[in-house]
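**Q** What follows is a single structure, and I will ask about it in a moment.
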Amino acid sequence: MNYINLSTAQSFTRIKEISIRKVLGSMKYQLISQFMAESFLFAFIAMILSYGVFYLMLPMLNELTGKTLAFSEQIDTMLVLS
């Protein structure tokens, strides 16, 4: 499954929450900003976890492939932003 499908499925389960917030006076931009912030937070946590898993699994990958790949501590900002 991809992220868009999961987000769409989650939004259907949150209809009750959205309805209550709108009844209490929440504006459209507030709801959009909340969902955008949650999406960015989940993406950031996923990026941190993927770096951690890669760093831990790199020795096993080197052993399997017979190569000596190295984990660069320096983050290429253009690669992260693309």
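The values are calculated or read from the model by the stated rules, or taken from the named source; none is laboratory data. All of these numbers come straight from a predicted model, not from anything done at the bench. Using ideal geometry, Cβ is built from the backbone for each residue, glycine included, and neighbour counts are taken over all protein chains shown. All accessible areas refer to the heavy atoms of the entire protein, side chains included, with ligands and DNA or RNA removed. Shrake-Rupley method; radii C 1.70, N 1.55, O 1.52, S 1.80 Å.
**Q** Tell me the helices (runs of 4 or more DSSP H) entirely within the chain that contain at least 1 residues that are open to solvent by 70 Å² or more (accessible area, probe 1.4 Å) and hydroxyl-bearing (Ser, Thr, Tyr).
**A** 3-13, 28-65, 77-81
**Q** Please name all residue pairs, on different chains or six or more residues apart, with Cβ atoms under 6 Å, provided the first residue is in the range 13-42 and is closer than 28 Å to LEU81 by Cβ and the second residue is open to solvent by 90 Å² or more (accessible area, probe 1.4 Å) and assigned to a helix (DSSP H, G or I).
**A** Hits for this filter: zero, empty list.
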